[in-house]
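**Q** Sharing a structure with you now.
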Amino acid sequence: MTDAVRLDDHDYKVMQGSVGPEVIDIRKYYADSGRFTYDPGFTSTASCRSTITYIDGDEGVLLHRGYSIGELAESSSFMEVAYLLLNGELPSKEAFDTFTTTITRHTMVHEQLATFFRGFRRDAHPMAIMCGVVGALSAFYHDSTDVHDPAQRVIASHRLIAKMPTLAAMAYKYSVGQPFLYPDNSLSYTGNFLRMTFGVPAEPYEVNPIVERAMDRIFILHADHEQNASTSTVRLAGSSGANPFACIAAGIACLWGPAHGGANEAALNMLREIGTPDRIPEYIARAKDKNDPFRLMGFGHRVYKNYDPRATVMQQTVREVLGALGVTDPVFDVALQLEEIALKDDYFAEKKLFPNVDFYSGVILSAIGFPTSMFTALFALARTVGWVAQWNEMITDPDQKIGRPRQLYAGATARPYLPVGQR
Ligand code: ACO
């Protein structure tokens, strides 16, 4: 381990995290050298110090506060993972009960928000609605928008986590023309969400425990993922002191893109298009063809170059859900065989392309009954926990500054303005 590296005749401190690569502190580099560094997409740049989530992409490791994602998905619950991400430790029984009760008590949304929904077109995409209504929470909860007040930050965090299922279910109900359902506080976080989504006021809704468990596990798998694009968006928006509701709305907007949260929708569409296992070789050939822009959706990851550990849990969960619901979806056979064929293929092995979390999640969500347009909204619901935890960490970080990247300017240099008649 080195203490410093020398660049342009100046020494720069080498920082060592608890695990992971060393990081060179280049904050003074411009002041010392008059030069910027160039790193579009932040492929080599740490934008913050964090204690929340650790990923080792080469080894396929994902840890939240030190606990492996596999163990959390197997033995924990989404509420417990939410507590862990926010507070740094697993809760005692008493702390867990208090936290769950607090979240449960914040599940209702201001009645006037329902009116807000009615301003959207009936066929609006749920993510368009979510961007709007989550940002609009700052217009309803003025008593939790002061980011400098720790008590207000806690209330805003609880409100966001508690109200996301209600808002996501309302977005769904609105799109199918059914009445909104109020939360039922006797149910679990996830059971309540399923009832608000699939229940109707005309008859009782019974939560299927296998579906509830699978959904809860999907929420755990999406709860946080270090400094990805949407989380970095939330941090950047928050770095100016913007209120948390506005910051999470910014994260939702970023998540919407097909290279990020929209990939599970694209993966399911691709599997449906392939349709039957005999057509797999044709699609594998297309994915390998340099002249064809087609990519195997749900394959590859910027960070994981071994295996996405979330994909393993997801594959087991598909089996459970399809079995429990008695659904025989041919798309699952296509997914299993496509994975097997691709993993044996030299092209995918050489480029270290493996299934990511999105490869199987669409199959499960569709079996549960969600339309593809809801997939990213579910991701946003779960990721809100991570966004909120990361936002809180950023606000309390003494190194925190307003985010202000530099640029490599390649445009015109100074030139005189000519009146329109002389151009
Ligand atoms: N199918 C076929 N080839 C692929 C795929 C794929 N899914 N992914 C990458 N490659 C190839 C590229 O063509 C490239 O080949 P080359 O070196 O010959 O040019 C090489 O692998 C590296 O690809 P990059 O795009 O440079 O890798 P990067 O790390 O930037 O991209 C990404 C990662 C965007 C996820 C990419 O793998 C991809 O587009 N996958 C499909 C979309 C997807 O599933 N996204 C979900 C990500 S997970 C999430 O957001 C929750």
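The values are calculated or read from the model by the stated rules, or taken from the named source; none is laboratory data. Everything quoted here is computed from the prediction, not taken from an experiment. A quick note on method: Cβ atoms are made from the backbone with ideal geometry, for glycine too, and the neighbour counts reach across all protein chains shown. Side chains are part of the model used for accessible areas, which takes the heavy atoms of the whole protein and leaves out ligands, DNA and RNA. Shrake-Rupley method; radii C 1.70, N 1.55, O 1.52, S 1.80 Å.
**Q** Kindly sort His148, His125 by accessible area of their heavy atoms, largest first, with the probe set to 1.4 Å. Don't jump to the answer; show the numbers that get you there.
**A** Working: His148 155, His125 55 Å².
Ranking His148, His125 by accessible area, largest first, yields His148, His125.
**Q** With every protein chain present, what accessible area does Lys352 have (1.4 Å probe, heavy atoms only), rounded to the nearest 10 Å²?
**A** Approximately 100 Å² of Lys352 is accessible to the 1.4 Å probe.
**Q** Give the ranking of Thr328, Thr312, Thr104 by solvent-accessible surface, highest area first, calculated with a 1.4 Å probe.
**A** Thr328, Thr312, Thr104
**Q** How large is the accessible surface of Phe42 in square angstrom, using a 1.4 angstrom probe and rounding to the nearest 10?
**A** 120
**Q** May I pose another question? Magnitude of the Cβ-charge dipole of the chain, K/R +1 and D/E -1, about the Cα centre, nearest 20 debye?
**A** Values: 39 positive and 48 negative charges, 311 e Å.
The dipole magnitude comes to about 1500 debye.
**Q** I want to verify a result. In a Gaussian network model of the chain, Cα cutoff 10 Å, which of these has the top mean-square fluctuation: Pro165, Pro40, Pro126?
**A** Highest fluctuation of the listed residues: Pro40.
**Q** Something else about it: Tell me which GluC sites (Glu not before Pro) from the stretch 54-86 have a DSSP coil assignment and no more than 16 other beta carbons within 10 Å of their own.
**A** Sparse-neighbourhood loop GluC sites (Glu not before Pro): Glu59.
**Q** On to the next question. Which one of Thr145, Thr37, Thr413 has the biggest mean-square fluctuation once the chain is modelled by GNM with Cα springs under 10 Å?
**A** Evaluated over the chain, the most mobile residue of the options is Thr413.
**Q** Mind checking the stretch 219-288 for GluC sites (Glu not before Pro) that DSSP puts in a loop (not H, G, I, E or B) and that have at most 10 other Cβ atoms within 10 Å?
**A** Here no loop site has a sparse enough neighbourhood.
**Q** Further question on the same structure: Would you work out what percent of the accessible area of the stretch 273-423, with all protein chains in place, is carbon or sulfur (probe 1.4 Å)?
**A** Summing carbon and sulfur atoms, their accessible area is 53 percent of the total for the stretch 273-423.
**Q** If you don't mind, there's one more thing I want to ask. Compute the distance from the alpha-carbon center of the stretch 239-285 to that of the stretch 20-83, in whole Å.
**A** 22
**Q** Heavy-atom accessible area of Arg406 with all protein chains present, probe 1.4 Å, nearest 10 Å²?
**A** Ignoring ligands and nucleic acids, Arg406 comes out at about 150 Å².
**Q** Excluding residues on the same chain fewer than 8 positions from Lys351, give the lysines whose Cα lies under 25 Å from its Cα.
**A** The qualifying lysines are Lys288, Lys290, Lys305.
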